[in-house]
Amino acid sequence: MDNKSNYKYLLSDLTALKGVGVKTTNLLKKKKINNIFDLLWKLPKSYTDRSLSSKIKDLRIGEVQTITIVPKKYSFPRVRNLPNRVLCSDETGEIDCIFFNSFEGYVRKILPIGKEITVSGKIGYFRNKYQLTNPKYLSEDSSLIKQKHNTYSLTDGITEKTYNKIINQIIENLPLLNEWHSKNILQKFDNISWNDAIEDLHKPENVGSYQKNFYQRLAFDEIFSTFLVNSEIRKKIKKIKKINKILNIEKQNEIINKLKFSLTNDQLKTLKEINNDLCSSTKMFRLLQGDVGSGKTIVSLLSALNTVNSGFQVALMAPTEILSRQHYTLAKEIFPKNVNIKLISGKSDYKSKKIILNELSKHKIDIIFGTHAIFQKKVNFKKLGLIIIDEQHKFGVNQRKRLSDKGGNNCDVLLMTATPIPRTLTMTMYGDMDLSIIREKPKSRKPIKTYSKLESKINDVLKFIKKEIKLGHQIFWVCPLIEESKKIDHSSAVKKFEYLDKLFPNQVSLLHGKTDIEEKEIILNRFLKNEFKILVSTTIIEVGIDFPNANVIIIENANKFGLSQLHQLRGRVGRGDKESTCILMFKSNLSENAKKRINILKDTNDGFIISEEDMKIRGFGDILGFKQSGIKNFKLADPIHNNDLFLLAEKEMRRIEKSNENISKFKPLIKLYDRADIINDIA
Ligand code: ADP
Ligand code: MG
């Protein structure tokens, strides 16, 4: 607190505040308010006006009002539970001030007989008289009662008065921080300083002024700090020198020529981007983003092969065993026999695991497939050159950073995600990585026909799937989870299974959250081999698994899902070249708004467009994968409403990257806002 230009005051523990003890600190910590800075984002909801009202005769019952009165007579009943009472008056009438649980001495002190006192509180009316119960705001000097008091949402067990007191205290003690933004940026916000903006943010009359300069500036600070940290991580990784890989493009092309399909332009483009990184003498840290079914696997396998041919090992991790087995099988099929490929499975026995570990450490294995188990400590590689992680949208920036450190300097990192997200979010979530995007779907792909149906028309649906089954096709039937008092309920899926099992005996299986992992793998494998026709499930079928023979998906109670989620579910079919169908079922007729949403889904199969629309409708918090992404929540910034600020932040970040500007002036911004622990040694 002594150094007025030091941001560190804001990072101090809450106990540094006057009047804040252990109890309040603990209450605040429960609300994830851990230091003084965090408290700055506890914003007033509205305010109470405590400016002087008129006289007693004009008081409005039930409202908070402020009057100047003179105490006239005490009554201190010696009976338990009866309150102390002070009769007060002004020239227009009388009012009782009532005190529960107060000592006589205290009452005498704050309301001395004959003195003019200004009191404030909610006015009541009892036995034909106005009354004020436990008045908290009172003073001999009416000007000492602050006129506007912020009101806060008070679920935290902390009183309004305390919030007002501590937040005022912080604002009075705000360190004078040097401006970190360029003139150009600052101008966009009418040159308001961070300090002034914080002050404005807490002014009661500014509640909800999202468009005002102070709010925009602070939202921008938040976005920009995130982008800057991302940029720093990216720069740091770019500085890591590695042995460049020498690729054999001919061998790569031999494989490409033998494929049953030709690669799309986007697949070729992204493969080239990855290859360039492999050949460069700095470490790759790249995200391959592409909609479900856009063909990311083959791109990653080709880069794996290139890495192997340059004398390195590759580790490919997938979130589930069945998915990693699918990748493994594909690699076995298309790679030359001399490439040694292995799969670590949860089911492998101790002995064969030990052999694999041994072979990995001696570079007898070129490519290892598996789940997260392949990154356990005891797994040692002799010469790991590339880590590939499939469907990683659940990783946050910290986990990614650790991963990129894991393989050592010579190890490149490629992540893949099938969650198309709006650009503002991509920058926020993945700004630390280089980005390769596959937008184009394989040409052979037929659009998935999407219909909506009322549940009462289920017979039409049954007729349709009978026909499909006759043609040898398979069907996904998705039932939503019904959440009842937090216990997840699978009853809808179980009931549907029983219903369908009667109509299609021995053709139906059921998967839900309680199915154990082994059982689940068995069922999915049987479905993959076309051993039964209809898979009833809750939404637990992972993305990524290829069921080429399944071409119909029925989604019940479709209004329970967001557009992006429906799109992901729908993406489980339509991966082969068959005609495929998605039927969205609804309990009742759709509202106009819901129809609009569903039409977006019917009109396009482009996940990027759908996610933009979804975000506009539902807010970014609900976008699939965003919640689990580990990214911190913005306090003020909103990717929908502040789209322009995100773009501005990106532009400014690029400008700084290009001009190689020293970023030490941003130190307070980064340290205060977030994730600064990732780049401890920032200048
Ligand atoms: P995702 O991007 O969702 O991981 P996959 O890599 O699993 O998609 O590919 C989905 C399906 O598309 C696979 O069956 C794959 O063989 C096929 N595929 C990939 N690329 C092409 C292409 N260029 N043309 C036709 N089919 C392709
Ligand atoms: Mg995939």
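The values are calculated or read from the model by the stated rules, or taken from the named source; none is laboratory data. If you're wondering where the values come from, they're calculated on a predicted model, not measured in any experiment. Quick reminder, even Gly has a Cβ in these numbers, built from the backbone with ideal geometry, and neighbours come from all protein chains shown.
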Any hit, segment 309-330, residues being within 16 Å of ligand 2 (Cβ to nearest atom) and basic (K, R): yes
Verdict on K502 being more than 16 Å from ligand 2 (Cβ to nearest atom), surrounded by fewer than 21 Cβ atoms within 10 Å (Cβ to Cβ), assigned by TED's automatic domain parsing to the domain that holds I583 and over 20 Å from F464 (Cα atoms): no
Some residue of segment 256-269 being of a type in the set (A, V, I, L, M), touching a residue at least 40 places away in the same chain (Cβ under 8 Å), within 13 Å of ligand 1 (Cβ to nearest atom) and touching a strand residue (DSSP E or B) at 6+ places or on another chain (Cβ under 9 Å): no
Any hit, segment 6-21, residues being free of Cβ contacts under 8 Å to residues at least 40 places away in the same chain, assigned by TED's automatic domain parsing to the domain that holds P135 and touching a Phe, Trp or Tyr at 6+ places or on another chain (Cβ under 9 Å): no
Tally of residues being in a strand (DSSP E or B) and either surrounded by 24 or more Cβ atoms within 10 Å (Cβ to Cβ) or more than 16 Å from ligand 2 (Cβ to nearest atom) (or both) across segment 418-437: 2
The one condition in (1) touching a strand residue (DSSP E or B) at 6+ places or on another chain (Cβ under 8 Å); (2) loosely packed, with under 13 Cβ neighbours inside 10 Å that K30 fails to fulfil: (1)
Residues located in segment 372-400, provided they are among the charged types (D, E, K, R) and either at pLDDT 75 or above or in contact with a Phe, Trp or Tyr (Cβ under 9 Å, 6 or more places away or on another chain) (or both): K377, K378, K382, K383, D390, R400
Positions within segment 108-146 being assigned to a loop (DSSP other than H, G, I, E, B), touching a residue at least 40 places away in the same chain (Cβ under 8 Å) and either on the phi > 0 side of the Ramachandran plot or surrounded by 12 or more Cβ atoms within 10 Å (Cβ to Cβ) (or both), in sequence order: L111, P112, I113, G114, E116, I145, K146
Residue selected from segment 533-582 under the condition under 21 Å from N459 (Cα atoms), β-branched (V, I, T) and surrounded by 23 or more Cβ atoms within 10 Å (Cβ to Cβ), by the criterion nearest to ligand 1 (Cβ to nearest atom): I553
Residues satisfying the stated conditions in segment 1-50, i.e. among the polar types (S, T, N, Q) and under 29 Å from the mean Cα position of the chain (by Cα): S12, T24, T25, N26, N34, N35, S46
Test: K353 is in a helix (DSSP H, G or I), under 37 Å from the mean Cα position of the chain (by Cα), more than 16 Å from ligand 1 (Cβ to nearest atom) and not β-branched (V, I, T): yes
Among the residues listed as I298, I233, the single one being touching a Lys or Arg at 6+ places or on another chain (Cβ under 7 Å), part of a helix (DSSP H, G or I) and under 28 Å from G431 (Cβ atoms): I233
Any hit, segment 333-346, residues being touching a strand residue (DSSP E or B) at 6+ places or on another chain (Cβ under 8 Å) and within 16 Å of ligand 2 (Cβ to nearest atom): no
Long-range neighbours under 6 Å by Cβ, at least six apart or interchain, first residue more than 9 Å from ligand 1 (Cβ to nearest atom) within segment 279-305, second assigned to a helix (DSSP H, G or I) and of a type in the set (K, R): T282/K238
